[in-house]
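S.K.: Let me begin by handing over the structure; questions about it come next.
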Amino acid sequence: MLLSFQTLSRAHEHPRSYSEVQVGVILDMKSWAGKVIYRCISMAISDFYAANPHYTTRIAFTTRDTKGEPLHALSAALDLLEDTKVQAIIGPKSTVLEDKANIPILSLSTSPFSNRNPNLLGITQDETSQFKGIAAMVDSFKAKNVIVICEDTANGREMATYMARAFQEKNIHVTYTSLISTSDSNQQVREELHKLQTMQDTVFIVHAPPSLASNLFSFAKDLGMMGEGYIWIVTSKTTNYLDSMDAEAIESMQGAVGFRSYFPSSKELHNFLLKWRKEHYALNPFMEFKEVDSNGIWAYDAVYALAMAVEMVQTATEFTWKDLGNNIGTSLLLDEMLRVRFHGLGGEFKLMNGRIISNAMEVVNVIGKGDRRVGFWMMATDEFLKEIKKPNSSSNQGLEIIIWPGGTTSINPKHRKLQRNGRKKLRILFPGSSRFQNIAQISVNPRTNVSVLSGFCGDVFNAAFNSLDYGVGIEVVSFSYKDGITYNDVIQKIYLKEYDAAIGDFTITANRSLYVDFTLPFTDLGVGIIARNAKDSMWIFLDPLSANLWITTSCFFIFLGFVIWFIEHRTNEEFQGSAPQQLGTTLWFAFSTLVYAHREKLQSNLSRFVVTVWVFVVLVLTSSYTATLSSLLTVQQIGMKDFSIGFFQAISPLGGVVNNKFNAVEAWSEKLYAPEDYAKALATGKVEAIVAEILYIKSFLAMYSGADFSLIATAPTTNGFGFVFQKGSPLATKMSTQIAKMREDGTLKALEDKWLKHKSAVMSMEFSSPSPKILNLYGLRGLFIISGVLMALALLVSMIQLVCEKWHIKDKIKMLRCILHRSSEIHAHDSDAESSV
């Protein structure tokens with residue numbers, strides 16, 4: 001510190017007059033990082049003005065020590081912002097600085113800015129830029145699950161979110177995010193690592209400060225988590241400070257791979273490091289030497305750029321800083337900072353979008369007493385290179401050989417869990433109580449005495465697992481059920497890690513998924529109702545229409561006949577005659593419209609209008625009747641009210657599916673385990689229907705004739721069958737991928753046809769067809785209302801016409817009578833006149 005003040009004093013000693021520009025500095029002077037940064041900016045000022053003694057400006061620092069307290073940092077930020085003499089501030093990330101900054105802020109924060117204040121300038125590398133490279137590295141060795149370990153702070157949680165997004169772009173799943181605080185006790189850290197050790201995934205991403213990372217790796221080594229089969233990738237938050245970490249910490253990190261900020265070799269950097277070492281040993285000859293870290297180099301370049309910008313402002317305006325005023329000066333200073341370009345200690349210094357730009361990150365492997373460079377991550381092209389100087393060489397692609405934990409130079413993520421446990425076989429549990437031999441069965445090879453799975457479930461598992469090429473065998477263990485034991489007991493054995501997986505007819509449920517991982521379902525989803533086909537009825541032709549619709553239709557036929565007779569019988573001879581003849585003609589005409597066979601000619605337009613409307617009604621009725629009758633003749637409709645149900649499997653988790661989704665009012669509690677059991681129950685009439693998973697129904701229909709039994713209803717209330725694995729097992733995801741591929745390429749359908757194809761004259765089943773519904777008056781009430789209103793209207797018009805005609809005839813008769821009466825009077829008068837003559 002004394003040497004830094006001396007160099008500053010020497011830099012300011014110049015005979016020429018100069019303008020002094022105040023710059024605020026906020027640092028934790030008690031921490032090693034704060035001391036390094038302050039020493040670097042002091043060296044930068046000294047070196048800059050020693051190289052440019054003719055400059056007319058000088059930077060003077062106003063320092064605030066936070067003493068490691070957030071409240072002190074906040075107070076210092078407010079104090080400097082209110083200090084009108086300060087033209088810029090160098091300091092850590094602060095919400096106050098982000099929100100209220102009205103002067104250039106040279107931020108030492110490596111995290112992205114949440115507030116896009118144009119005065120904020122990031123002079124350090126954005127740490128999120130390395131996350132794409134980490135995701136690409138994990139993807140390169142085909143791992144699809146990782147565990148992220150971060151510091152339990154706001155920044156740590158934010159970075160965990162950014163990492164999850166980067167992994168998601170590579171279809172890599174973050175199975176667990178571990179948040180560890182620097183204040184956690186050693187026991188708490190051990191317990192958290194032990195928890196991670198019990199998980200299946202062994203790829204760990206560590207984003208933590210050096211102090212926390214040192215403890216973390218030390219405990220991980222004690223727990224055996226730094227051995228063969230594990231992959232540890234460390235971010236620059238730790239790797240940038242590897243040179244400052246002690247030998248014990250380096251020893252515990254053997255085999256870890258880290259991303260580190262890259263500073264290209266240069267004469268300037270070499271001279272600076274020599275000067276750093278010289279001053280260190282001059283001031284602290286008995287203290288352990290520590291190299292300058294990345295923050296110090298960035299701070300050095302940032303101060304260099306700031307000094308250049310300060311001078312350019314005064315040169316361009318030809319005014320001193322005192323004459324410019326604060327507002328004008330700070331605005332011009334920000335513009336000049338964004339224009340500054342020079343080659344500094346960290347390479348080319350250039351700000352873009354308010355942040356320093358870096359083109360590459362160094363990838364190092366912790367080996368021996370330090371680290372070894374294995375390549376570079378090129379952020380512009382998203383690729384790994386062994387050397388930056390020859391990017392176009394094909395041999396330069398990728399990374400050098402990495403020595404992973406345990407001393408191995410290669411890692412196969414498929415084997416890592418098995419290698420860790422030292423096991424060569426997967427122990428597969430098979431429920432031996434399944435009596436559906438075409439779904440799942442187990443047999444013993446007499447020559448090898450090895451249990452072999454077959455049936456639909458067994459073949460699906462074998463096909464999916466063999467395609468993974470794990471290079472390990474499976475050991476099938478048959479689990480014998482006792483009466484009253486459920487499938488949940490098998491799930492518990494997987495949860496307790498007694499077995500690696502379970503194969504069979506396991507229904508995927510939300511509750512079970514809390515304890516184990518399921519693959520994607522390899523069967524149809526949902527349940528169905530299987531029932532015995534009803535016997536043929538001689539009255540089936542009456543079933544398509546409800547009773548109220550039959551009665552209403554008949555009444556409308558009679559009403560139609562009456563309306564037509566009323567309109568036509570006065571003028572149409574075909575509707576005249578004796579009463580029996582008129583009645584017969586009327587009824588014949590009305591009912592013949594059902595088949596459009598009416599031959600009587602209608603003379604009134606009202607009659608024609610009424611018949612036209614009614615013929616449309618008849619068309620709709622006959623079409624609907626035909627369609628419904630065809631459905632009823634294809635599959636006999638079974639009444640869905642007041643029937644009893646038997647469950648297909650006594651240990652099935654169907655629960656309340658029956659009462660909730662089907663209108664069942666009674667449940668038969670007798671246990672049914674095999675196809676023969678419920679076939680007998682249906683045949684003897686103990687139950688009218690049985691609810692079962694779709695796969696059970698397919699299995700049953702493959703054994704029994706479709707002429708006797710049919711699927712009458714379905715409901716998507718279950719998630720189908722899936723294979724069971726331990727929680728966090730990577731096999732669950734990989735098997736799901738293979739099942740999806742088998743469904744797409746037709747393999748799954750071929751296996752289903754092999755085991756579940758109907759072996760007798762069974763109807764082709766499509767399990768999504770709804771049961772036919774009969775027609776009722778409520779659904780067709782609109783047609784009858786329209787037709788009835790028009791018939792009544794026509795009848796009313798006809799009656800009005802009849803009344804009018806009668807009145808008109810009466811008037812004509814009265815007039816005729818008057819004429820005749822007048823004629824008789826005239827004739828009498830003429831007779832009297834003749835007599836008198």
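S.K.: Which numbered condition in (1) at pLDDT 90 or above; (2) over 23 Å from Q125 (Cα atoms); (3) open to solvent by less than 10 Å² (accessible area, probe 1.4 Å); (4) among the aliphatic types (A, V, I, L, M) is the only one that A50 fails?
M.R.: (3)
S.K.: Give the residue that is nearest to F217 (Cα to Cα), with candidates limited to residues of region 357-381 that are among the hydrophobic types (A, V, I, L, M, F, W, C) and part of a loop (DSSP other than H, G, I, E, B). Write out each step before concluding.
M.R.: The initial filter retains those residues of region 357-381 that are among the hydrophobic types (A, V, I, L, M, F, W, C), namely 357, 360-361, 363-364, 366-367, 374, 376-380.
After this cut, where a residue has to be part of a loop (DSSP other than H, G, I, E, B) as well, the list is 357, 379-380.
Values: I357: 31, M379: 28, A380: 32 Å.
That would be M379.
S.K.: Then there's this: Can you tell me which residue among T718, T737 is hydroxyl-bearing (S, T, Y) and open to solvent by 30 Å² or more (accessible area, probe 1.4 Å)? Steps first, please.
M.R.: On the way: T718 fails: open to solvent by 30 Å² or more (accessible area, probe 1.4 Å).
The unique qualifying residue is T737.
S.K.: Here's a follow-up. So L632 ticks every box in (1) under 60 Å from the mean Cα position of the chain (by Cα); (2) at pLDDT 80 or above but one. Which box is left unticked?
M.R.: (2)
S.K.: Now for a different question. How about region 602-625: which of its residues are within 18 Å of F541 (Cα to Cα) and touching a residue at least 12 places away in the same chain (Cβ under 8 Å)? I'd like the intermediate steps shown before the answer.
M.R.: Taking region 602-625 first, the residues within 18 Å of F541 (Cα to Cα) are 618-625.
Listed by number, the residues that qualify are V618, V620, L621, T622, S624, Y625.
Listed here are the residues, each with its yes/no results for (1) open to solvent by less than 20 Å² (accessible area, probe 1.4 Å); (2) in a loop (DSSP other than H, G, I, E, B); (3) free of Cβ contacts under 8 Å to residues at least 60 places away in the same chain.
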| site | (1), (2), (3) |
| --- | --- |
| S211 | no, no, yes |
| S214 | no, no, yes |
| S218 | no, no, yes |
| W232 | yes, no, no |
| K237 | no, no, no |
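S.K.: Taking M538 as meeting all but one of (1) out of contact with any strand residue (DSSP E or B) (no Cβ under 8 Å at 6 or more places or on another chain); (2) under 24 Å from L777 (Cα atoms); (3) modelled with pLDDT of 80 or more, write down the number of the exception.
M.R.: Tallying (1) out of contact with any strand residue (DSSP E or B) (no Cβ under 8 Å at 6 or more places or on another chain); (2) under 24 Å from L777 (Cα atoms); (3) modelled with pLDDT of 80 or more, M538 fails exactly one: (3).
S.K.: I would also like to ask the following. What number of residues within region 699-714 satisfy the criterion of being open to solvent by less than 20 Å² (accessible area, probe 1.4 Å), at pLDDT 75 or above and either touching a helix residue (DSSP H, G or I) at 6+ places or on another chain (Cβ under 7 Å) or in a loop (DSSP other than H, G, I, E, B) (or both)?
M.R.: Selection size over region 699-714: 3.
S.K.: Another question, if that's okay. All but one of (1) open to solvent by 30 Å² or more (accessible area, probe 1.4 Å); (2) modelled with pLDDT of 75 or more; (3) within 30 Å of the chain's Cα centre (by Cα) hold for K661, so report the exception by its number.
M.R.: So K661 meets the others, but not (2).
S.K.: On the basis of being of a type in the set (D, E) and either touching a helix residue (DSSP H, G or I) at 6+ places or on another chain (Cβ under 9 Å) or open to solvent by less than 20 Å² (accessible area, probe 1.4 Å) (or both), does D246 make the cut? Even if it seems obvious, please write down each step before you answer.
M.R.: On the way: of a type in the set (D, E): yes; either touching a helix residue (DSSP H, G or I) at 6+ places or on another chain (Cβ under 9 Å) or open to solvent by less than 20 Å² (accessible area, probe 1.4 Å) (or both): yes.
Judged against the criteria, D246 is a match.
S.K.: Only one of S592, S652 is modelled with pLDDT of 65 or more and small (G, A, S). Can you tell me which? Steps first, answer last, please.
M.R.: Values: S652 fails: modelled with pLDDT of 65 or more.
Going through S592, S652 in turn, just one is modelled with pLDDT of 65 or more and small (G, A, S): S592.
S.K.: Of the conditions (1) modelled with pLDDT under 90; (2) among the hydrophobic types (A, V, I, L, M, F, W, C); (3) surrounded by 18 or more Cβ atoms within 10 Å (Cβ to Cβ), A282 fails just one. Which one is it?
M.R.: Failed condition: (3).
S.K.: Test each condition in (1) surrounded by fewer than 16 Cβ atoms within 10 Å (Cβ to Cβ); (2) in contact with a Gly (Cβ under 7 Å, 6 or more places away or on another chain); (3) part of a strand (DSSP E or B) for I26 and report the one that comes out false.
M.R.: All conditions are met except number (1).
S.K.: Ok, one more. Checking R157 against (1) assigned to a helix (DSSP H, G or I); (2) closer than 25 Å to I401 by Cα; (3) open to solvent by 70 Å² or more (accessible area, probe 1.4 Å): exactly one of these is not met. Which one?
M.R.: Here R157 meets the rest and fails (2).
S.K.: When the residues of region 253-267 are filtered to those that are outside any loop (DSSP other than H, G, I, E, B) and in contact with a helix residue (DSSP H, G or I) (Cβ under 9 Å, 6 or more places away or on another chain), which remaining residue is most open to solvent (accessible area, probe 1.4 Å)?
M.R.: At the first step, the residues of region 253-267 found to be outside any loop (DSSP other than H, G, I, E, B) are 257-261, 267.
With the extra rule that they be in contact with a helix residue (DSSP H, G or I) (Cβ under 9 Å, 6 or more places away or on another chain), the set shrinks to 257-261.
On the way: V257: 1, G258: 3, F259: 0, R260: 35, S261: 9 Å².
So, considering only residues that are outside any loop (DSSP other than H, G, I, E, B) and in contact with a helix residue (DSSP H, G or I) (Cβ under 9 Å, 6 or more places away or on another chain), the one most open to solvent (accessible area, probe 1.4 Å) is R260.
S.K.: So S454 clears everything in (1) small (G, A, S); (2) more than 21 Å from E752 (Cα to Cα); (3) at pLDDT 75 or above except one condition, right? Which one?
M.R.: With respect to (1) small (G, A, S); (2) more than 21 Å from E752 (Cα to Cα); (3) at pLDDT 75 or above, S454 is out only on (2).
S.K.: Please verify whether region 354-363 includes one or more residues that are under 17 Å from I233 (Cα atoms) and among the hydrophobic types (A, V, I, L, M, F, W, C).
M.R.: yes
Matching residues to (1) of a type in the set (K, R); (2) surrounded by fewer than 17 Cβ atoms within 10 Å (Cβ to Cβ); (3) over 47 Å from the mean Cα position of the chain (by Cα):
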| position | (1), (2), (3) |
| --- | --- |
| L514 | no, yes, no |
| G528 | no, no, no |
| L542 | no, yes, yes |
| W550 | no, yes, yes |
| F556 | no, no, yes |
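S.K.: Within region 176-209, take every residue that is assigned to a strand (DSSP E or B) and polar (S, T, N, Q) and give me the one that is least open to solvent (accessible area, probe 1.4 Å).
M.R.: Initial filter on region 176-209 (assigned to a strand (DSSP E or B)): 176-180, 203-207.
After this cut, where a residue has to be polar (S, T, N, Q) as well, the list is 177-178.
On the way: T177: 59, S178: 0 Å².
Filtering first and then ranking leaves S178.
S.K.: Given (1) at negative phi; (2) open to solvent by 10 Å² or more (accessible area, probe 1.4 Å), identify the lone condition not met by A143.
M.R.: Going through the list (1) at negative phi; (2) open to solvent by 10 Å² or more (accessible area, probe 1.4 Å), A143 breaks only (2).
S.K.: Are there any pairs, at least 6 apart or on different chains, whose C-beta atoms fall under 7 Å, with the first in region 55-84 and at pLDDT 80 or above and open to solvent by less than 30 Å² (accessible area, probe 1.4 Å) and the second among the acidic types (D, E) and assigned to a strand (DSSP E or B), and if so, which?
M.R.: Final answer for the pair search is R58/E20; A60/E20.
S.K.: To continue, here is another question. Applying the selection to region 52-76, what residues are of a type in the set (V, I, T) and either closer than 13 Å to D28 by Cβ or part of a strand (DSSP E or B) (or both)?
M.R.: First pass over region 52-76, keeping only residues of a type in the set (V, I, T): 56-57, 59, 62-63, 66.
Within region 52-76, T57, I59, T62, T63, T66 meet the criteria.
The values are calculated or read from the model by the stated rules, or taken from the named source; none is laboratory data. For clarity, every value in this text was computed on a predicted model and none was experimentally measured. In this analysis, Cβ positions are derived from the backbone assuming ideal geometry, glycine residues included, and neighbour counts consider all displayed protein chains. Surface accessibility is based on the protein's heavy atoms, side chains included, excluding ligands, DNA and RNA. Shrake-Rupley method; radii C 1.70, N 1.55, O 1.52, S 1.80 Å.
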